[in-house]
1. Please work out if Q197 is open to solvent by 80 Å² or more (accessible area, probe 1.4 Å), within 22 Å of V279 (Cα to Cα) and not aromatic (F, W, Y).
2. Is one or more of the residues making up region 89-96 closer than 30 Å to M261 by Cβ, open to solvent by less than 50 Å² (accessible area, probe 1.4 Å), in contact with an Asp or Glu (Cβ under 7 Å, 6 or more places away or on another chain) and touching a residue at least 24 places away in the same chain (Cβ under 8 Å)?
3. Taking the stated definitions as given, is E322 open to solvent by less than 50 Å² (accessible area, probe 1.4 Å), of a type in the set (D, E, K, R), assigned to a helix (DSSP H, G or I) and modelled with pLDDT of 95 or more?
4. Being at pLDDT 90 or above, open to solvent by less than 20 Å² (accessible area, probe 1.4 Å), under 21 Å from the mean Cα position of the chain (by Cα) and farther than 30 Å from S206 by Cβ narrows it down to one of A99, A125, A132, A136, so name that one.
5. Does at least one position in region 9-17 carry a residue that is among the small types (G, A, S), farther than 30 Å from A113 by Cβ, without any contact (Cβ under 8 Å) to a residue 40 or more places away in the chain and surrounded by 11 or more Cβ atoms within 10 Å (Cβ to Cβ)?
6. Go through region 304-319 residue by residue and tally those that are touching a residue at least 60 places away in the same chain (Cβ under 8 Å) and among the acidic types (D, E).
7. From L40, L27, L52, L69, which residue is open to solvent by less than 60 Å² (accessible area, probe 1.4 Å), out of contact with any helix residue (DSSP H, G or I) (no Cβ under 7 Å at 6 or more places or on another chain), at negative phi and free of Cβ contacts under 8 Å to residues at least 60 places away in the same chain?
8. Taking V267 as meeting all but one of (1) of a type outside the set (K, R); (2) open to solvent by 20 Å² or more (accessible area, probe 1.4 Å); (3) in a helix (DSSP H, G or I), write down the number of the exception.
Amino acid sequence: DVEKFKHTRAKFNPASNKDILDFFKWLGFDRLRNVDEEALSKVDHPVARLELKRRGERKLRSTYVAPLLDGGKNVARDGHYHPEYSHVVTVTSRLNSEAHNWPRRERKEIRRAICAPLGHKFVSADYGQIEARVVAMLSKDEVLIEETQRGDDIHGVWTDKIGASFVPKKLSEPGGRKWVRDGIKNLWTFPQFFKSQLRSVALDLSARFGVEITERALQPFNDEFWGKYAGVLRWQKAVIAFYWERGYVETLTGFRRHEPMNENEIVNMPVQGTAAQIVLDAQYRIDRLAYEQGKPHRAPVFNGHDDLSFYLPFGSLEGDIEFIAREMCCSPFPFVNVPLAAEFSVGD
């Protein structure tokens, strides 16, 4: 089709929105008014899919690759990438950085541009299930506190219950349970804790698992969930009532947010904001102690929301990780009523 269309004009530039629109008009897509991403995603033609892919590649290059090339805006005179952070971009006050948006699953080679120096390993220390733990701190729900103290896999319980009802074959496939658990964690457990509507949860789970999951089918699980975590439900209702009475919500460290919010945002802000401040406190303490103890290599080099990353030398790797784990898990905040956990990944 493209070759035929080229013969109708002197020049055809696929990077020109006008030329792309003219092409589809020539094909008979008369109702097409523009060729933005939303419009092209609805056009059933291979050129539309190729153009969306081309734009995606171009955006990846301009946003993430070009700034890392020699002379790029993110490369400092020392040859290192120094992320810029802000705590006033996100509504929950957690740090925001352009590095947080780097592709995770596709185009992993972009992240490989960041590597440990010779003789070192890149170590990522992630706060395990920190937001679920903060819900326990805020709500003081006895069941959630007990499960967390025992080290129960909260997401895993609902993976087996809901997964067995809607995608049982997927659970038995190699790696399938982890894939289902990721969906349950992000589209069931946390949305419940953050006051999402059951209808939205059903739609999101349907899209994730590729099967129809109705609100009615999820209702028994919803009733069981809130029968189990009644303390969390009471806290949600209390924090919403507090917002409507006082006009703000706040984290456990006292950071407040005054502005119009829906119920999901009212409940989410104290959770995510408190979690962010636990991470920042650990980052500050580890950094300060690293220099006070004459071991500056222990200072964090990156904050990735719920994790801290380090360049650690081979020779002291185990001792350094033990020190970092202890500081991350021994938080000085008096409201911490459940164990904190740090999960470490080590690579190049």
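The values are calculated or read from the model by the stated rules, or taken from the named source; none is laboratory data. This structure is a prediction, so every number in the text was calculated from the model and none was measured. Cβ coordinates were reconstructed from backbone atoms using ideal geometry, including for glycine residues, and neighbour counts include every protein chain displayed. When the accessible area is computed, the model is the full protein with side chains, heavy atoms only, and any ligands, DNA or RNA have been set aside. Shrake-Rupley method; radii C 1.70, N 1.55, O 1.52, S 1.80 Å.
1. Numbers: open to solvent by 80 Å² or more (accessible area, probe 1.4 Å): yes; within 22 Å of V279 (Cα to Cα): no; not aromatic (F, W, Y): yes.
Spelling it out, it is not the case that Q197 is open to solvent by 80 Å² or more (accessible area, probe 1.4 Å), within 22 Å of V279 (Cα to Cα) and not aromatic (F, W, Y).
2. No, region 89-96 has no match at all.
3. Against the criterion (open to solvent by less than 50 Å² (accessible area, probe 1.4 Å), of a type in the set (D, E, K, R), assigned to a helix (DSSP H, G or I) and modelled with pLDDT of 95 or more), E322 does not qualify.
4. A125
5. Step one: filter region 9-17 for residues among the small types (G, A, S), giving 10, 15-16.
Of the ones still in play, those that are also farther than 30 Å from A113 by Cβ are 10, 16.
Next cut, without any contact (Cβ under 8 Å) to a residue 40 or more places away in the chain only: 10, 16.
Those left that are additionally surrounded by 11 or more Cβ atoms within 10 Å (Cβ to Cβ): 16.
Yes, because at least one residue in region 9-17 is among the small types (G, A, S), farther than 30 Å from A113 by Cβ, without any contact (Cβ under 8 Å) to a residue 40 or more places away in the chain and surrounded by 11 or more Cβ atoms within 10 Å (Cβ to Cβ).
6. Going through region 304-319 one residue at a time, the tally reaches 2.
7. L27
8. Status for V267: all satisfied but (2).
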